[in-house]
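Taking it in order: structure first as structure tokens, then the write-up.
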Amino acid sequence: MMATATAPSTVTRASMVVVGALNHSRVSRAVHAGGSACRMPQLSTQTQSPMRRQLAPISVRGRCTASRSLVRAKAGGGLAIDLTGKHAFIAGVADDQGFGWAIAKALAEAGAEISLGVWVPAMTIFETSLRRGKFDESRKLSDGSLMEFAKVYPLDAVYDKPEDVPEHVKENKRYKGAGKFTMSETAAAVGEDFGKIDVLVHSLANGPEVTKPLLETSRAGYLAAVSASAYSYVSLLQHFGPHMNPGGASISLTYLASERIVPGYGGGMSSAKAALESDTRVLAYEAGRKWGVRVNTISAGPLGSRAARAIGFIDDMIKYSHENAPIQKELSASEVGATAAFLLSPLASAVTGSTVYVDNGLYHMALATDSKSLDRGE
């Protein structure tokens, strides 16, 4: 266990150095231009990604935060994350709150072209919200340009082939008319539309019995959690790997419960995350040898997203993390996005098979500093 923990810590420190350098260059440029780190000068059309200029099916605006300064390449040189000309497919974005959205924004800041795989039942409301501008405040990029999605695909990651889809699902009103949405069909469509891609992101999980203790979890609930949250990543790489360029990279998102006991995170989800991390190491070897693709996973701290609130105690976990982590602040989704951008960029070309902890250091704590047992009554 000690050997396993050491390597990710080194990777995390390296990513902090890279991100810190990028942040410094962006803040310096903003101040020099007479503005704050959140009011960046407009980039010229020569500086923008060609795909950003040509493809604009969706206009995207976002909140002004200092963390947005972490990714955009510095004009005129310097250490930078530059994904211009790269195409990223992100599976599992359903709104503008979670880690998947933050990763999309970070990659867009670095110049990548973005396409999304959205869960079929959420597809209509997602596209409607985008079209009506309900997400506009969270979509503006730091240079004033608008994040664009080259294409949004329907995707249900628990089905690999059309014949895997049960009849009652096909007849469900949310699936009728969705078109091709299985893993193999979506991968084939992306390959047909864009040829080869460079970045693959797995940002999805589901445990229908997540609120149940493991001792009360049914076999069906347990297997459903592992299928949707762990095997789906194996399937994603199986089907998208042949459509990836050598030197490409893939990441997934995991959680501390894979290695530590987190009461309340049940229904087989802790087992699914443990499987995901184990699979990451094996897939790093297999995908690396077969396609030249790197594979890593990010163990993110608690975030109060809409999906996380389904667990029921996310606010308690955020408070616990704040009280006990070495860095006492609430985790921002953009910090996970910035780390993902680093791992998916050429700057991390020698990093694969790693679990990278982005949780303000909570993973490394063995003692809860706010425990009443430490109260000496002084």
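Since every read-out is calculated from the coordinates, none of them should be taken as a lab result. Small disclaimer: the values here were computed from a predicted structure and weren't measured. We place every Cβ from the backbone using ideal geometry, glycine too, and count neighbours over all the protein chains shown.
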Those trypsin sites (Lys or Arg not before Pro) in segment 261-351 that DSSP places in a loop and that have at most 15 other beta carbons within 10 Å: Arg306, Lys329
Loop-resident sites, segment 157-232, for trypsin sites (Lys or Arg not before Pro), counting at most 12 other Cβ within 10 Å (DSSP): Lys173, Lys176
